[in-house]
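Report on the following structure.
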Amino acid sequence: MQTFDYDDIQLIPNKCIIKSRREADTSVKFGPRTFKIPVVPANMESVINEDLAVWLAQSGYYYVMHRFEPADRAGFIKRMHERGLFASISVGIKDTEYDFIDQLKAEHLDPEYVTIDVAHGHSDFVIKMIKYIKKNLPNSFVTAGNVATPKAARKPIIADGGIRHNGDIAKSVRFGASMVMIGSMLAGHLESPGHVITIDGKRYKQYWGSASEVQKGAYRNVEGKQMLVPFRGSIKDTLREMEEDLQSAISYAGGRDLEAIRKVDYVIVKNSILNGDY
């Protein structure tokens, strides 16, 4: 099997047909709604909280609320709907999650988006949960993951993991992603959860994975890690930069929207002179 990383790929430009990059349309339809860019902050406690979810929904961005405050998820849906905003939640596959779905059905709480958030989504138990949600919450758009095994079905895909540069977003779109989930690059902002930590005059915020020791509260079945990420100011600026870079990619791809990126040629440049250094 041929394998490569983002750094091993270069997209080949086509003739530009727009006068200004600002003409390029970066919007993407995902489920029932259309969003400004194909980017979603990772549904991790160190990346998103309710305040940020509200701002993202108000500002035209997709979000997925994490599942680490399970008792408050119904309340979260109610509060988002009271504001006239869409609700996007995460669930697991434990038996108690079926009770939660039953609760939502009984209370007529239909979140627009439900993400089944497990480490390995190619599972009989995940398939069972998909069927249960689609039966009991038929109006919800269901995302299940993560999946790292080939599938025959053609479905919208969220690329997840390994995004280190804005250009990696365009590369993800080229290889079939409808949306790109980003963790560390969207952590560390003013709006991100957690406190600012100053070390030797430099400011950081803590970032930890959903399967890390910090999240689990104990060292067992640890897969994620924690680290300090540089404080990056407002997330508004970072998301705007991602949009502008995608506009550039669209212009280089010779089109007017994201579809142009999906059609460009590419070359694999393993062991190139860059070797991951920018």
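Okay, residues lined up against (1) over 14 Å from GLU112 (Cβ atoms); (2) surrounded by fewer than 21 Cβ atoms within 10 Å (Cβ to Cβ); (3) in contact with a helix residue (DSSP H, G or I) (Cβ under 7 Å, 6 or more places away or on another chain):
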residue: PHE35; (1), (2), (3): no, no, no
residue: VAL47; (1), (2), (3): yes, no, yes
residue: TRP55; (1), (2), (3): yes, yes, no
residue: GLN58; (1), (2), (3): yes, yes, no
residue: TYR62; (1), (2), (3): no, no, no
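Within region 1-33, the set of residues being among the β-branched types (Val, Ile, Thr), under 27 Å from ALA148 (Cα atoms) and surrounded by fewer than 15 Cβ atoms within 10 Å (Cβ to Cβ) comprises THR3, ILE12.
In a residue-by-residue description of region 99-108, the property of being over 14 Å from the mean Cα position of the chain (by Cα), aromatic (Phe, Trp, Tyr), at pLDDT 95 or above and surrounded by fewer than 15 Cβ atoms within 10 Å (Cβ to Cβ) applies to no position.
Return yes when ILE9 is touching a Gly at 6+ places or on another chain (Cβ under 9 Å) and either of a type outside the set (Ser, Thr, Tyr) or free of Cβ contacts under 8 Å to residues at least 12 places away in the same chain (or both) and no when it is not. No; evaluated as a whole, the condition is false for this residue.
The values are calculated or read from the model by the stated rules, or taken from the named source; none is laboratory data. Bear in mind that the values here come from a model prediction, so they are computed numbers and not experimental data. As a convention, Cβ positions derive from the backbone with ideal geometry for all residues, glycine included, and neighbour counts pool all protein chains shown.
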